[in-house]
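Notes follow once the structure below has been shown.
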Amino acid sequence: MKLRLDNVQKSFGATRVLDGISLDVAKGEMVCLIGASGSGKSTLLRCINLLEPLDDGAIWLDGEDIAEPALDPQPIRQRIGIVFQSFNLFPHMTAVENVMLAPRRVRKETREALRPEVTALFDRFGLADRMGHYPDQLSGGQQQRVAIIRALAMRPEIMLFDEITSALDPELVGEVLQVLKALKEDGMTMILATHEMAFARDVADRVCVLDHGRIIEEGPPAQVFTAPREARTRAFLSRVL
Ligand code: ADP
Ligand code: MG
């Protein structure tokens, strides 16, 4: 798996939201996108997941430009999981039913066939005893972990996370970040938009600083956080750290 963004451009009306983003992500890498609200982090993740069409540029996934408008986005989206700030679980379905829904519909697999793999995922992320619970019977941190499991059940090659701890009570943030750490240990390729600077500093392989739709600085967290090259990075970090 190799992902390469090449000069990705995206405007909404007259507003240029992504202004020539180029980025390489290697297999097993965790890349954190940081930057002020409105800098384009969510739009970038949505473009990679083909939820937004590009105005220009390319997104190469293993040598294929997946942003090519003629392509059917559905099989590509299965290879790229995404988790949002709001968990978006179906309230009338149990946790396990939420997780099995897409694999049953898309891969046409039966519940019985899916059960071992899905059970292992609930187990792995500390939710073995919550599979039959409805979302409103779960804490926010548990619901977000179910949302991650739901994305993983599609066996993605790469996972995108958009501020997935921002809606959580502070005491529940850690359990969700722990899941991301575990996924990294499993070798999952991940791109995160995050405000969790301590997490990005400790766990990311690379940090990209977005500012007005451009990557103004990128590098290992030790460099970006402790010796930023750009004045705008320093200004951003001084506001959030
Ligand atoms: P971030 O995630 O870094 O806060 P976003 O990608 O959400 O940034 O937003 C970047 C800019 O694009 C903002 O100015 C936002 O208002 C604008 N924007 C995002 N989505 C839309 C949309 N669907 N229509 C119009 N403007 C949008
Ligand atoms: Mg956002």
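The values are calculated or read from the model by the stated rules, or taken from the named source; none is laboratory data. If you're wondering where the values come from, they're calculated on a predicted model, not measured in any experiment. Here the Cβ is made from the backbone with ideal geometry for all residues, glycine too, and neighbour counts use every protein chain on show. Surface areas here come from the heavy atoms of the whole protein model, side chains and all, with no ligands, DNA or RNA. Shrake-Rupley method; radii C 1.70, N 1.55, O 1.52, S 1.80 Å.
Residue check: is Val106 open to solvent by 60 Å² or more (accessible area, probe 1.4 Å) and β-branched (Val, Ile, Thr)?
Criteria met by Val106.
Are any residues in the range 29-44 farther than 23 Å from Ala70 by Cβ, out of contact with any helix residue (DSSP H, G or I) (no Cβ under 8 Å at 6 or more places or on another chain) and not basic (Lys, Arg), and if so, which ones?
Residues satisfying the conditions are Glu29, Val31, Ser37, Gly38, Ser39, Gly40, Ser42.
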(message) If Leu160 satisfies all but one of (1) under 20 Å from Ile48 (Cβ atoms); (2) without any contact (Cβ under 8 Å) to a residue 24 or more places away in the chain, what's the number of the condition it fails?
(response) (2)
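For the range 155-172: of the residues being closer than 20 Å to Gly187 by Cβ and of a type in the set (A, V, I, L, M), which is farthest from ligand 2 (Cβ to nearest atom)? Even if it seems obvious, please write down each step before you answer.
The initial filter retains those residues of the range 155-172 that are closer than 20 Å to Gly187 by Cβ, namely 155-161, 164.
Filter again for of a type in the set (A, V, I, L, M), leaving 158-160, 164.
Working: Ile158: 19, Met159: 16, Leu160: 12, Ile164: 11 Å.
Ranking the candidates gives Ile158 first.
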(request) Could you tell me whether the range 6-13 includes any residue that is assigned to a strand (DSSP E or B), among the β-branched types (Val, Ile, Thr) and open to solvent by less than 60 Å² (accessible area, probe 1.4 Å)? (result) yes
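Within the range 14-23, which residues are over 30 Å from Glu185 (Cβ atoms) and assigned to a strand (DSSP E or B)?
Result: Thr15, Arg16, Val17, Leu18, Asp19, Gly20.
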(message) Looking only at the range 178-200, count every residue that is within 12 Å of the chain's Cα centre (by Cα) and within 16 Å of ligand 1 (Cβ to nearest atom) and tell me the total.
(response) 4
(request) Count, please, the residues in the range 20-52 that happen to be within 13 Å of ligand 1 (Cβ to nearest atom), more than 10 Å from Leu210 (Cα to Cα) and over 14 Å from the mean Cα position of the chain (by Cα). (result) 1
(request) Report yes if some residue within the range 100-113 is under 28 Å from Glu230 (Cα atoms) and without any contact (Cβ under 8 Å) to a residue 60 or more places away in the chain; otherwise report no. (result) no
(message) So for the range 215-228 (the condition being under 19 Å from the mean Cα position of the chain (by Cα), touching a residue at least 24 places away in the same chain (Cβ under 8 Å) and within 16 Å of ligand 2 (Cβ to nearest atom)), does at least one residue qualify?
(response) yes
